[in-house]
Each structure stands twice: as C-alpha cells, then as structure tokens.
C-alpha cells in the first residue's frame, strides 16, 4: 500500500516564504550591479552578518577547445582538488563520472585561482554567518560552482557558514551523476534557480549546440549588451536575428525539451540535468520544486506556452519578476478564473498551476502539470513517513542483534577456545550457526535498505547525523563485520576476488565508518580500559589477521628478496598494530582465545621469523630457499 | 465551543468582557495598574507603554528564556525546551511584581474569594498575560486557590514562542487566556517583524496609537511603509509555518530559515477576532490563529489607499465601541472548531461561509486553516495509536516482574542475574527489554518532534506507566551497559548513554509531582554504584554517603526495591569492601546481612 501523503500542495507556499524574505531582492539588486559595473567579474555586498557575492552575467566563455563546448569531468585537469567531495568518489555502478560544462568550469577556475577571489572568500568565511552566491545568466553558473566549492570546503573542515546559491536564468551545469551527487550530499536546498516562464537560457543545454552556434553567439551578445547598459533595449535584436531564425530556435529548443520530458529518467549519456531546487516565476506568482523530473516537466510546460519573442525577452525580465513577487502575495487575489473544487488536494494544485501560468482551460497541459507536482509532492512526503517508520524498523531488528551478542558470549566461553570469529568461521552445520547466519543476512538487508533510502533521498536530510543511527550502525558494524569477514574467508571468496578489505567489504561498512568519523564528538573521557572491550574496536581486525596470515604463507614461498622485505614489513606493521590494540585493551577477548586465528598467526609468524632470523640479513633469499 | 452566546462558551460573561475592556483603556493613565472591584470579580488592568524601549530591548526580536524559577511550567518537559519571551515586556512585569503592591493586592483578592481577571489593552496586554501565568504557577498549580483567573487582552502584541502554547495547553491553562483582536489591528502583528526593519517608524507609530495623544500622521507615508514591513514579515512567519503544516519537504525551506531569522513569537490561548459590524469569530488552534494573523491583513487592490491604511491603524483604538456592539446587540458569533472542513470557496453556503468571508480569507488562506486543523487531527490519531500500545507494555512489564521475582528467590537480584546473562531466562528478559525500548523510543521520538497532542506529557496514566517501566527496566539497561563495559568505550552511563526514554519519563514524574530536578532518579541507583565502585573510596567518600542517604529515602518511599541489598549483589559486595568506619556509620548498614 502506498503510504499516505499530504493532501496539501505547498510548492507555492514555499515560494511565498522565499518571496517574503529579503533574499531575492537583495541578491537581484547585486546581480544588477554586477551586470552593469563588474563585467567579467563579481561584486560583494554585506548585509548584517550575511555576505552577497554576485557574478556578472557578462562573461566570455572560451569555447575554442572542443572540451569546453560540452560536458567535462569535474575532477580533471585544473579543477583537481577544488571540489574535494567529488574527488575519489566514483559515481555508483556504471554511471557516468561527475561532469559539468567544460567552458563554464574553466571560467570558474579562472576566478578561483585569482588572489582577489581567494582573498574575498577568506574574508567572508572569517567574518560572516552566511553567504549568498548569486548571478544572472552565465553568472548563475559561476555562483553555483562557487557555492559547490564552499560546500565542499565546509564538509571537509570545521568551518561553519550557511551557503545559499540563488541564480537567475542560469544555464544548466552538469550531468545526471552530478545532479545525483548534489541530492545525496543533501545540498538541493542550497541551490535555488529562479527561472522565468519562457526564458531560453535555462533550457538551452537540453539541445545539442551544433546547428545554431552562430545564432547563440548573437543572442548572448544581445543579452549581455542589454545587461551591461543601463537603458533597456538600447540594442535592437532585430538587427542581429530575423524573426524566422528566432522562431526556428524556439521551435528547436521546444522540441528538444519536449523530447527530454517524454523520455523521463532514461536519457542518453552526456545529457545535462537540472540540480538543486527551482523557483518558477510567472506574472501570477511562483512555485518551488526540488524533484529533478518535475523540474524538467515544468521547464517544458512553461516554454510550451511561450513564443519566439517571449523566450528571448524573458531572460532580461527578472527585474520585473523579482520586483513584483512579494506584492503578489501580500494582495488578496480574487481568483474567479480558477476552477475550484472543495478538495484540498485539487484546490491546492489548481492554485499552484495558476501561479505557474497553466490554466485548467488547457486540459492537456493542465493534466501534465498536475501529474508533475503531485508526483514531486508524494516523493517528498514519503521521506518524512519513511524516516518515522525507520525508528520502528530499527527497534524490530534490535533483537536480532541481541541474539548475535548472545551467540558471541556463548562462543567466547566455549571449551574449544576458538573465540567468536573462529567459531563462526569453522562452524559445522548447526541450528545455532544457521540462525546467526540468518540474522546476519537480515541485519545486512535492513542496513542496506537504510543506505539505499538515504541515497535516493527518501529519508530526512540529517538522517546520517542522528545520534541514534550513528550509534546503532557503529555497534552493528563492530558486532557483525567480524562474522561477515569469517563468512568471506570460510567460503574462500578471497581466493577468487582477493582480500576482504580491498575487495569484499560491503559498502554499508564504509558508509558507517564515515558516519562514525563525522559524528559530533563530545568531551570523551580518555580513561584507559580496565578490561578487554566488549567488541573489538577495529571491525576489520580479523580481515587484517587473515591478510597477515596470508603474508606469512607468502613469505615462506617468496623468492624475490625485495618482495619478501615488503611482506615482512607488512607483517611487522600489523604485528605492532595488533599489539597496540591489545595493550590498550581495545580488542575483545575472542582475539586472545587460545585457538583463534590471531593466536595461530602469532605462532606461525614466530616460527617463520625464527627461520628467517637464522640467516644473516641481506643474504640472497634464493640461496636460502635452496638450503631449506 | 459549539455555538451560542460568547460568554457561555468561553466562561466569562459579556458584562465582564466589556468591563475589562473599559478598565484596560482607563488603566493607560495609571502608573502601574488599576484595580476595579465589581460584585464577585476583581479586575487588575495594566497600562500600555508607548516608548520603543518597552517594546524591544535587543535586535532583532529581543527574546530571552523565561525565568524558570518564576515560570517553572513554561517549557516542554521531556525536551526541556524553555519558553522564550520578549525581554522588554518581561522586565516590565518583573519590575511591577517586585516594586509595586501587586502581589499584596492579589493576596487580598484571594482572601476575599474573588474571581480574578487580569486585563490590558495594547502593550498592557503582555503584562496581563505574564501576571496570569504568574498566578497560575504560584497559586493554581499548588492548589492554593481553586478559582482560576482569566486573562483578557485587547489588541495585545504576541510575546511568547510556541512553547507558551504547548505548555499552557498541557497544563490546561490555555483556555483562560482570551485575546480580542480587531481584524486589521496592526499591533498584535508588530512583534513578528524584526526591530531592525521598523526602527525608523516604530516610535512615531506608537505615539500615533497612544490613546492620550493627538499625534497626527495623516498624509505621511510612515503608516503604509510600516504596514508593508509588518505584513511582509507576517507573511514570512505564516508561510514558513504553513510550509511545515502542509508537509513541505524541500530542503530549501531550512536553508532559507537558517539565513533569515524569523520572529519566535506565536499566539496562544483563545482568539476572538472582531470582523467589524459587530461580528465575531472565535478559535483556539494556535497554528490557525497564526495564519489569520497574516491573511486577515491581506488587502484587495482597491483598498490600496492611505485612507484605508489610516483606518486600519485606528482599529487599535476601537475595541470598546466594537465590543459594545457585538456583545450587546449582535451576538453573531462563529466558533471555528472543525478547521478540517472549512469551505474553500467564497460562494459556499456551509456553516462557516459567512464568517470566513467576513475575515476576508482567500482560498489559499482557507487551505492553510485546513492544514492547521489536519495537523491537530493527526496528533490526536498519533496519540490513539500510542495508546493502543498500553496493553503490550503492561504485558511485557509483567514478564519482567516475573523475572525479577524469580531472581530474588535465588537471592541474587535481577540486576546481577541479568548482568551475568547465563540462562535462557536472562536472554528472554533481554529480548523483552529491547521490545519495550522500541515502543518507548517511538513515543519519545514523537514527543521530540511535537507530534503528539500538547497534553501528552501531563497525562496521569502515562506518567504512572512511565514510572513503572522506568523502575523495572532501567536497572536492566544499566546492567547491560556495564556488562559490555560500554562505559570504557563511551563514558559513564549517566553522562553518555542514558536513554531518553528514561530521562523523559523521570522528568514527567518530577514535573507532575512538583519535585526538584533529579529528585526521582532512583532508577539510576545502579549506574551510580557502578561508577563509584571503580574509584578509590577516599575520592568518593562524600558521594557514597550521599548515595546511601538517597537510597534510604527511596527504599522507605518504596521507589527502590530491597533486592539491591541481597547478599550476592554488586552493591553488597562492593559495600563490604568499604572501610570499617564507613560501614559502621552507614545509614543502610541495617539492610545488609553480614
């Protein structure tokens, strides 16, 4: 059964909230300043403890190189290390790497590497509580990249500053993996792209650039000259583009957007995708959406109601939209032309679509628009419901964990002195063992589901920071990962796939490592332990033991001296590490069980070491082998 | 509140309301307060202030935490979120309390067995509100006086955050606060605006609103720019709240809220909106009132002229005449009880249609009212679902009780038996412990998010069940904690690991029984023992004696079982290692067999 969702449409309520704050007016004002007075640069303005940084829409994108005309990898070339969140992180599965528009990225990097930019940013980070990056047109893309850079910085340092990016008529920036990454980092709420109903620029990159490159140059020339000059329309577009060409461009873009909207999530590689939240402004009001697919639909629907002229002019009409928007909500509108039902759901949708400029008198568009906002809302509502349900699910799986704890105590006290890890690894068919194995699988499933839901944005945005789940995942990891390792080596998967830590470790454990690392740490008391820990504090300890044992076997048969030294070094490092853990009592008693893998390792290593030490150092190993 | 005359429904006679309005206007010319005795009623009316500094002491909103020694109930119990109050108004009230004869006069009214009414117009309202809360805390809560006071305000600004509404509803005091508001009166909305934005105009506007003044602002743009600021911020607060009511999940909402500070002030109590021409609309859902605070101000384009704006400001001074008409002649009262079903269309013919049109509510506004009603309904449904767990909880508790008894028969006590975890029965008890923890954690989670009705933490049956649960189960959580030596990973149980389900249930009891904080911490006895026994006696000498004294009290009260003294218990074994002199003088020596 579908979970119940809110019957109240609120995409417009959020837009009204945004409109009532000074954010739009302040940011747009500075955009105007930057367009006119800071061409090819940016302007900074402080309002209280907030800093506004506006990039001018008048920019030159160097498209001379092929790589700058379309998507380029975010973490390549000159951008390496700038967006730390994206470094090292591969997009999941067979997806594309994170990519953004090459020309825009290069433009941003030109700013980023200037002293002026670095200096101003440092000042803001030191002195302000929040920073609002903003920009009109191409300036919007620069603002997005700046915000992204600062968000990455915040994530990897202890810097605390609120970041918001408000763009006006900005082109799209990245591919689907990029959009997905923003979603997973829970940064959708840090980007608000204000889009006029018919503005061409935010839709431009839905179309392949090829046939109209020259005309686009003319269009940008027109837009940028209009932005830069104080008197509007000082430049006549007609002298640059004929009506036929404009109509052709409009038709082409509209067709491309429609195509994208019809294909849904299944897109060719190399497509641009919206990311973050969009605020669609019209003459009637505004709505805010954060669902990627709903945004694409809305971009299509609104353009479909435009015209060749409107789509060019709209890019310069943000003054009009921003200036009016607050007033629109202060007035009581008598909406006699909106079809109302007494159902909250229907009436809310009718109001939101009215604000989007879509009338119920156009049944086809209205139907599409309705589907679009309903779908977006349902996904959002489920997030809250699922978060609440997760607490209940967690308490349901807790007894499974208790059974495993019980099993551990049983193993650790057992006469065979194998300890927890080895008992499970060498278990014979028994009811107890298979029950634990089943619990293992169920717990793994539960946590995989949690991670899946979190990544697909179905849980609360700060879910991975809630103490409850951080602690629960940590104790799950410490208790269960040794068993996963045991199962891995028991079934000898390592012989096919390689060792556990590098090749067999489930993603969930890496995720939990990160949660645990990123948690807020209070004033922990650093008292030394008096007894061995309940659970070994390094959940990969047993995998390290297995690797070390493997090294010991290899040493024996290794002929190359260099490689042998590497192995010995590796073993000794582990030995020292393990000794440290034991001295600090950070391991559980099962490590020290007489017949545990660790005890075996120590014996084996002692023996091999003794043999190695019989020989003088640097003696050719090949000869040693012959002697044996 | 289901229809009929206003007085019958809110518990105050029309005559009293009218009188209160009259004396609160009269009070403006008095320095501290004005007392009026009539029949069995004593009115305490407080004057307003027209100086900016009495409205806002700090930018942007001038709020502080309430003084918990004066207002111990103005908080959420489990979450321990303390109410926020406007500092300027609070200070004014404190001065009045300490520097005038107010409390003596109140005592006198009490000894005369009078019905007490605190009242105030404009910024006299906040003083009346705070005096009423003070009275409830000081007299009603301790059952010193059984006639609850009434608080009647007329055009009072908002002075407290959402905790006020939460706490007053929980204590069942909310219905004694009755706020009258003219539909367009700007004053109740002023504190929704950051002081920084209206600094320029506020002094002039206050002078203009002072009933004693003749300050004329005709033809000045001050009023409309002031109105614009106030409306805009009322829109901010109400649309932010509405986004929440409607379940908006866009993260942009929180990002914006973290950058643009919103006013903390929210309505509480019953609101009576006067819509003009003698008509009245009454409602008590604070979320819905907040929405009306904005939507009633919305104007149509034809109203956009200075004459209209001027008229809006004048409404602040017309309470007496308006109420005279509506209470005596019209009695056209609508009670907005069933918000979930308010009609959306202005052309509807249903019950509330006329009232909503009189308030001037657009469809958007009506949807917000519905959302507010829906949230309230949802909270009640949540409570129903939680209530259905009661039997399951009781059954599980019985099982643990049996476990406890069976352990005592073996002379070890269930704390230590559980800590050893040797038998199947220990394991079963552990599973029951985890099941119960799951149920209670869900309750706590909902309280944290304010997803249950405001009264939940004051419900006797749950406070009792919570105490029973805590006394029986917390020792097992502590045993589990120290069995796994989690104290060495994370720190002492009390500091680092005590689950909220025990903290909350303890606070419920302590609040209900008006105990000091920590007075009912009998369930953490074992955690204290575990920590103390790790340390050398000389270091913790005083703490040991203190624990023994407290344990004795708890044992005598029956809050703590004598099983803690069984021969094989962790406590007894440790106690026997204490120095002889200590044991000799110990107050629990008699309980421990040697």
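From the list B:207, B:254, the one residue that fits, being facing another protein chain (nearest Cβ under 7 Å), surrounded by fewer than 20 Cβ atoms within 10 Å (Cβ to Cβ), at pLDDT below 95 and outside any loop (DSSP other than H, G, I, E, B), is B:254.
Filtering region A:408-431 to residues that are surrounded by 15 or more Cβ atoms within 10 Å (Cβ to Cβ) and touching a helix residue (DSSP H, G or I) at 6+ places or on another chain (Cβ under 8 Å) leaves A:408, A:411, A:412, A:418, A:419, A:420, A:421, A:422, A:423, A:424, A:425, A:427. Only one entry in A:401, A:332 is at pLDDT 85 or above, in contact with a strand residue (DSSP E or B) (Cβ under 7 Å, 6 or more places away or on another chain) and facing another protein chain (nearest Cβ under 10 Å), namely A:332. Scanning region B:541-561 for residues that are farther than 27 Å from residue B:466 by Cβ and buried (at least 17 other Cβ atoms within 10 Å of the Cβ) turns up just one, B:544. Per the conditions (1) facing chain A (nearest Cβ under 10 Å); (2) modelled with pLDDT under 90; (3) over 19 Å from residue B:523 (Cβ atoms), the sole criterion not satisfied by residue B:423 is (1). Within region B:421-458, being within 22 Å of residue A:413 (Cα to Cα) and touching a helix residue (DSSP H, G or I) at 6+ places or on another chain (Cβ under 7 Å) holds for B:421, B:425, B:426, B:427, B:429, B:430, B:431.
Against the conditions (1) assigned to a helix (DSSP H, G or I); (2) crowded, with 17+ Cβ neighbours inside 10 Å; (3) under 17 Å from the mean Cα position of the chain (by Cα), residue A:459 satisfies every one except (1). Looking only at residues in region A:64-79 that are without any contact (Cβ under 8 Å) to a residue 60 or more places away in the chain and surrounded by 17 or more Cβ atoms within 10 Å (Cβ to Cβ), the one that is farthest from the other protein chains (Cβ to nearest Cβ) is A:68. Within region B:260-278, the set of residues being more than 13 Å from residue B:153 (Cβ to Cβ) and in a loop (DSSP other than H, G, I, E, B) comprises B:260, B:261, B:262, B:263, B:264, B:265, B:266, B:277, B:278.
Please indicate, with yes or no, whether at least one residue in region A:346-366 is closer than 18 Å to residue A:197 by Cα, touching a residue at least 60 places away in the same chain (Cβ under 8 Å) and facing another protein chain (nearest Cβ under 8 Å). Taking every residue of region A:346-366 in turn, at least one turns out to be closer than 18 Å to residue A:197 by Cα, touching a residue at least 60 places away in the same chain (Cβ under 8 Å) and facing another protein chain (nearest Cβ under 8 Å).
Can you tell me which residue within region B:334-351, out of those that are under 18 Å from residue B:5 (Cβ atoms) and part of a loop (DSSP other than H, G, I, E, B), is farthest from the other protein chains (Cβ to nearest Cβ)? My answer is B:337. Being touching a helix residue (DSSP H, G or I) at 6+ places or on another chain (Cβ under 6 Å), in a helix (DSSP H, G or I) and either within 14 Å of another protein chain (Cβ to nearest Cβ) or buried (at least 19 other Cβ atoms within 10 Å of the Cβ) (or both) is the requirement here; does residue A:549 meet it? Yes. Helices (runs of 4 or more DSSP H) fully within region B:517-594 that include at least 2 residues being out of contact with any helix residue (DSSP H, G or I) (no Cβ under 9 Å at 6 or more places or on another chain): B:537-557, B:580-585. Looking at A:564, A:575, A:524 in this structure, which one is exposed (fewer than 13 other Cβ atoms within 10 Å of the Cβ) and either at pLDDT below 90 or in a helix (DSSP H, G or I) (or both)? After ruling out the rest, the residue left standing is A:524.
Restricting region A:375-386 to residues that are at pLDDT 80 or above and surrounded by 18 or more Cβ atoms within 10 Å (Cβ to Cβ), the residue that is farthest from the other protein chains (Cβ to nearest Cβ) is A:386. The single condition among (1) modelled with pLDDT of 95 or more; (2) not in a loop (DSSP other than H, G, I, E, B) that residue B:73 does not meet is (2). The condition of being surrounded by fewer than 21 Cβ atoms within 10 Å (Cβ to Cβ) and part of a helix (DSSP H, G or I) holds for residue A:437.
What is the residue count in region B:479-506 for residues that are crowded, with 21+ Cβ neighbours inside 10 Å and under 32 Å from the mean Cα position of the chain (by Cα)? Going through region B:479-506 one residue at a time, the tally reaches 6.
Each row is one residue, and each column tells you yes or no for (1) free of Cβ contacts under 8 Å to residues at least 24 places away in the same chain; (2) under 27 Å from the mean Cα position of the chain (by Cα); (3) within 30 Å of residue A:192 (Cβ to Cβ).
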{"position": "B:241", "(1), (2), (3)": "no, yes, yes"}
{"position": "B:257", "(1), (2), (3)": "yes, yes, yes"}
{"position": "B:262", "(1), (2), (3)": "no, yes, yes"}
{"position": "B:284", "(1), (2), (3)": "no, yes, no"}
{"position": "B:306", "(1), (2), (3)": "no, no, no"}
{"position": "B:312", "(1), (2), (3)": "no, no, no"}
{"position": "B:339", "(1), (2), (3)": "no, yes, no"}
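Across region B:437-473, the number of residues qualifying as closer than 11 Å to residue B:78 by Cβ, away from chain A (no Cβ under 12 Å) and part of a helix (DSSP H, G or I) comes to 4. Checking A:30, A:24, A:14 one by one, the residue that is closer than 30 Å to residue A:217 by Cα, within 11 Å of chain B (Cβ to nearest Cβ) and not in a loop (DSSP other than H, G, I, E, B) is A:24 and no other. One residue stands out in region A:162-182 among those that are within 10 Å of chain B (Cβ to nearest Cβ) and surrounded by fewer than 24 Cβ atoms within 10 Å (Cβ to Cβ): the one that is nearest to the chain's Cα centre (by Cα), namely A:163.
Filtering region B:474-503 to residues that are within 14 Å of chain A (Cβ to nearest Cβ) and farther than 23 Å from residue A:535 by Cα leaves B:500, B:501, B:503. Taking the numbered list (1) touching a strand residue (DSSP E or B) at 6+ places or on another chain (Cβ under 9 Å); (2) in contact (Cβ under 8 Å) with a residue 40 or more places away in the chain; (3) within 14 Å of chain B (Cβ to nearest Cβ) in turn, residue A:8 passes all entries but (1). Note on region A:239-268: residues that are farther than 20 Å from residue A:176 by Cα, in a loop (DSSP other than H, G, I, E, B) and in contact with a helix residue (DSSP H, G or I) (Cβ under 9 Å, 6 or more places away or on another chain) total 2. Taken over region B:257-297, the residue count meeting the criterion of being under 30 Å from residue A:163 (Cβ atoms), in contact with a helix residue (DSSP H, G or I) (Cβ under 7 Å, 6 or more places away or on another chain) and more than 14 Å from every other protein chain (Cβ to nearest Cβ) is 2.
The values are calculated or read from the model by the stated rules, or taken from the named source; none is laboratory data. These numbers were taken from a predicted model, which means no experiment stands behind them. All Cβ positions, even for glycine, are placed from backbone atoms using ideal geometry, and neighbour counts span all protein chains on display.
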